[in-house]
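The values are calculated or read from the model by the stated rules, or taken from the named source; none is laboratory data. Everything numeric here is computed off the predicted structure, so don't read it as measured data. FYI the Cβ positions are ideal-geometry reconstructions off the backbone, even for glycines, and counts take in every protein chain you see.
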Amino acid sequence: MSLDKKIVGAVIKQKRKEKKLKQNQLSEEVGLSRNYISDIENGRYLPSVDALYKLASCLEIDLNTLPMSEIQDVKV
């Protein structure tokens with residue numbers, strides 16, 4: 001099963017907002033540029049495996065369930 005970049009971006013954005021983080025705060029925590037995070041959240045890019053791991057760790061996203069359960073309540 002492949003990941004849809006719009007769904008991944010929507011999950012990341014939702015989790016970031018739940019944690020009340022701004023994009024620039026998240027970028028500092030994970031070591032990625034704010035622009036890259038914005039592009040991911042807006043579905044322009046699917047993050048690299050390394051970036052996805054960093055984001056998932058920071059935002060407490062279970063990568064094993066990302067394609068299934070995490071997307072049920074996400075608005076794309």
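Data for the structure
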| read-out | value |
| --- | --- |
| Residue selected from segment 1-37 under the condition closer than 19 Å to L63 by Cα and among the acidic types (D, E), by the criterion surrounded by the fewest Cβ atoms within 10 Å (Cβ to Cβ) | E18 |
| Residue tally, condition in contact with a helix residue (DSSP H, G or I) (Cβ under 9 Å, 6 or more places away or on another chain) and either aromatic (F, W, Y) or assigned to a helix (DSSP H, G or I) (or both), over segment 29-54 | 14 |
| Members of segment 19-33 that are of a type in the set (D, E) and in contact (Cβ under 8 Å) with a residue 24 or more places away in the chain | E29 |
| Test: residue in segment 56-71 that is at pLDDT below 95, acidic (D, E) and crowded, with 17+ Cβ neighbours inside 10 Å | yes |
